Amino acid sequence: QVQFVESGGGLVQPGGSLTLSCVVSRTILSAYVMGWYRQDPGKERELVAHIRSAGSTNYADSVKGRFTISRDNAKNTVYLQMNSLKPEDTAVYYCNYAPAMGYWGRGTQVTVSS
């Protein structure tokens, strides 16, 4: 079955940047719409960005203009460039298909704090 392995999270100060990566195995990435999701404890998981096979993208209003999703189908990898980070961006970040299906990966923790 498909596996999602996220990496790149960490602790960053407000205004800082991080780039997340997600390696997707056992699938042909180019065939799917891919998304980045995040979940804060006590809240529902939300879709923050997704990218179609041809490369067009959509973003949640809360991250528009600050986050950029991209993909490298040859490497079976999806990226999320996050700039101008805010404390409210603190969450565990996951990648999955959009809409999501199958098992979730372990995610990568992003903490924005001074």
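The residue of segment 96-114 that is farthest from residue 28 (Cα to Cα), among those that are of a type in the set (Ser, Thr, Tyr) and outside any loop (DSSP other than H, G, I, E, B), is 111. Across segment 1-11, the number of residues qualifying as closer than 13 Å to residue 104 by Cβ, open to solvent by less than 30 Å² (accessible area, probe 1.4 Å) and either modelled with pLDDT of 90 or more or in contact with a Leu (Cβ under 7 Å, 6 or more places away or on another chain) (or both) comes to 2. Scanning segment 63-95 for residues that are over 27 Å from residue 28 (Cβ atoms), without any contact (Cβ under 8 Å) to a residue 40 or more places away in the chain and open to solvent by less than 60 Å² (accessible area, probe 1.4 Å) returns 63, 66. Name the residue that is modelled with the highest pLDDT, counting only residues in segment 12-45 that are open to solvent by 70 Å² or more (accessible area, probe 1.4 Å) and not hydrophobic (A, V, I, L, M, F, W, C). Once the filter is applied, the top-ranked residue is 13. I need every pair where a residue in segment 102-114 that is open to solvent by 20 Å² or more (accessible area, probe 1.4 Å) has its Cβ under 6 Å from the Cβ of a residue that is part of a loop (DSSP other than H, G, I, E, B) and β-branched (Val, Ile, Thr), sequence separation at least 6 or different chains. Pairs that qualify, where the first residue is open to solvent by 20 Å² or more (accessible area, probe 1.4 Å) and the partner is part of a loop (DSSP other than H, G, I, E, B) and β-branched (Val, Ile, Thr), are 102/2; 111/90.
The values are calculated or read from the model by the stated rules, or taken from the named source; none is laboratory data. A quick note: this is a predicted structure, and the numbers were derived from the prediction, not measured. We place every Cβ from the backbone using ideal geometry, glycine too, and count neighbours over all the protein chains shown. These area figures cover heavy atoms from the full protein model, side chains too; ligands, DNA and RNA do not enter into them. Shrake-Rupley method; radii C 1.70, N 1.55, O 1.52, S 1.80 Å.
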